[in-house]
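In what follows, a structure is listed as structure tokens, so that the remarks can point back to it.
The values are calculated or read from the model by the stated rules, or taken from the named source; none is laboratory data. Note that the structure is a prediction, hence the values are computed from the model and not measured. Every residue, glycine among them, receives a Cβ derived from its backbone with ideal geometry; neighbour counts consider all protein chains shown. Ligands, DNA and RNA are excluded from the accessible area calculation, which covers all protein heavy atoms including side chains. Shrake-Rupley method; radii C 1.70, N 1.55, O 1.52, S 1.80 Å.
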Amino acid sequence: MATDQASQETDDTYERFEERVTRISNVGNAAGILRWDQEVVMPDEGTPARAQQLSTLSSLSHDLLTADETGDLLDELEGSDLEDDRAAVVREVRRQYDRETSVPGELVEEISATTANAHPTWKQAREEDDFDHFAPTLEKLVELKREYANHIDPDADPYAVLFAEYEPYLDLETAERVLERLRDELVPLIDAIDDSDADLATDAFAGEFEDDDQEALARDVLDSLGYDWDRGRLDTAPHPFSSGTQFDARVTTRFEEDDLLGSITSTIHEFGHANYTLGLPDEGYGTPLGEARDLSVHESQSRLWENHVGRSRPFWDHFLPIARDRFPELEDVSPEEAYEAANQVYDDNLIRVEADELTYHLHIVIRFEIERALISGDLDVEDVPETWNDKYEEYLGVRPETDAEGCLQDIHWSHGSFGYFPTYSLGSVLAAQLYAAAEDDLGDLDDAVREGDFNELNGWLRENVHQHGKQYTTPDLIERATGEEFTADYFLDYVRSKYGDLYDLGGY
């Protein structure tokens, strides 16, 4: 009898807790819609009001999470015998609660207001190629984020604290180890490609393509992959992104008149993000069980669809006829030529989002090193453009001529998102591991991709990744899905095989 009463009391406590967690989640999701609006359709002069709106929602969310009632509920539940899914929710909220109770509400509000105002400042600076216009805002954000990290753990490396905001269960040492391995093993492969005499069809998509026609093709891509239009939409943004919930996961892309291939791969990339979001369980909405397992896993989904599917030979067997229907000028392009064009390795690329699979990771290394130096105080904001350009010359053999194609190209710093970039490479590495595991379970997927049948692959991802939300930590989720610990082996095997074949490298 006493046991039944205790169990009922625990159930009642958990219900009150979950109701509170859902309220907090709804505030955050509302802020997400406002941020989407700001980057996609908000009038240019809307920023002052939007900054206040986002600041208020940020403060409200912070107050709800850090209130004594939340702490009391957590304390009571942590002493109870909880089912695994409930214990996971408590674990995730406890982690967030401990971080945010360390940070004064005034600082949270100031960071939110500063980032809201930073977006149009960055956008103008990029359009006008004027880093000095953005520099004071960047300097303020660096200072605010240092202060934020210091409140959470004054004894830790502040960059490690910020990295944990995006990837809490794969530590910074793991990220550094992966990045160092990629740098050490990809550079010789890239050098071998540079020396190769292989003649790829790099001009297969040369030409000029109207934005409206590109948008129609982007919709064809999403249709082909199985995007749920009842729970999503497609728009354009200066920096493509996806955001939302399992009930409303939106995709943005961008169109350049002379870069049809870029709009296709960008759209597939953002589909991967949205597809993950849409695969989260409906019944978990409002709690961590209905939220994505942080950014490395999120990025694994976008990179899996973009690279392992969208840049594969079988995909172009399937999709090139669809592209020809929209663009008859592609009539003479073969699937093999499309495949080669989608996988050429650039020797002069300056833009991360336009980079190939290999040099992409050196873009990440550069950003990672600069961020670490900024947060540690080893690099002054005013020296960022020169440092950026020097590193591009050292690592990639090219030097940006403008800040717009250099240190202003990415939006992330205007969001205050220091610690974000390593998750791009971690996600690419995980994508290869997951795709290999899917093929181990399902058999070779080439025929299905060639037929435009993505149901088996998507079903595998739903079962092994999406449906779990945040029930498991990242290492546990990876091991459950693949049977192994997180490893870069599959990614490196994949690129050696793929690019060794493309560029006739023999030993690779």
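Using +1 at the C-beta of Lys and Arg and -1 at the C-beta of Asp and Glu, which of Asn349, Ser296, Ile264 has the Cα lying farthest in the positive direction of the dipole of the chain? Positive-most Cα among the choices belongs to Ser296. Here's the picture: charge each Lys and Arg Cβ at +1 and each Asp and Glu Cβ at -1 in the chain, and of Gly279, Thr482, Ala67 the one pushed furthest to the positive end of that dipole is Ala67.
What percentage of the solvent-accessible surface of region 106-235, computed with a 1.4 Å probe over protein heavy atoms, is contributed by carbon and sulfur atoms?
Details: 2370 of 6300 Å².
Ligands and nucleic acids excluded, carbon and sulfur reach 38 percent.
In region 447-508 the Cα-Cα distances spread across 5 Å bins starting at 0 as 4, 15, 15, 14, 19, 17, 11, 4, 1 percent of all pairs.
Dividing the summed helix terms, -39500 (n - 2.57) for each DSSP H run of n ≥ 4, by the number of residues in the chain produces a 222 nm estimate of -21000 deg cm²/dmol to the nearest 500. Here's the list of aspartates and glutamates a cross-link from Lys470 could span, going by alpha-carbon distance under 14 Å and ignoring same-chain residues fewer than 8 apart: Asp84, Asp85, Glu92, Glu167, Asp282, Glu283, Glu291, Asp294. Each label was represented as a point 7 Å from its Cα along the Cα-to-Cβ direction; for Ile322 and Asp129 these points are 3.7 nm apart. For the pair Thr13 and Glu185, label points projected 7 Å from Cα toward Cβ lie 4.7 nm apart.
Farthest toward the positive end of the dipole of the chain, out of Leu445, Ala164, Val178, is the Cα of Ala164, where the dipole comes from beta carbon charges about the Cα centre.
Hey, can you find the accessible area per residue of the chain for me, probe 1.4 Å, expressed in square angstrom? Before the final figure, lay out the partial values.
Values: 21400 Å² over 508 residues.
Computed with neighbouring chains in place, this is 42 Å² per residue.
When the Cα convex hull of the chain is projected onto planes of every orientation, the mean area is 24.1 nm². Computed from point charges on the beta carbon alone (+1 for Lys and Arg, -1 for Asp and Glu), the dipole magnitude for region 189-326 about its Cα centre is near 700 Debye. Each of Phe247 and Glu139 was given a label point 7 Å from its Cα along the Cα-to-Cβ line. The distance between the two points is 4.5 nm. Taken as Cα centroids, region 351-419 and region 452-500 sit 28 Å apart, rounded to the nearest whole angstrom.
About the Cα centre, and with charges only on the beta carbon of Lys, Arg (+1) and Asp, Glu (-1), how big is the dipole of region 434-508? Nearest 20 debye, please.
On the way: 6 positive and 18 negative charges, 80 e Å.
Roughly 380 debye for region 434-508.
Only protein heavy atoms count here; under a 1.4 Å probe, Ser417 has an accessible surface of about 10 Å².
Computed about the Cα centre, the dipole magnitude for region 1-94 is approximately 600 debye when only Lys and Arg (+1) and Asp and Glu (-1) carry charge, each at its Cβ. Treating only the Cα positions of region 307-448 as identical point scatterers, give the base-10 log of I(q)/I(0) from the Debye formula at each q in 0.17 Å⁻¹. Listed by q, the Debye log ratios stand at -1.01. Would you list, by chain and number, the aspartates and glutamates whose Cα falls below 16 Å from the Cα of Lys145, excluding same-chain residues fewer than 8 positions away? Answer for Lys145, where 16 Å is the Cα cut-off: Glu100, Glu106, Glu109, Glu110, Asp153, Asp155, Asp157, Glu165, Glu371, Asp378, Asp380, listed by chain and number.
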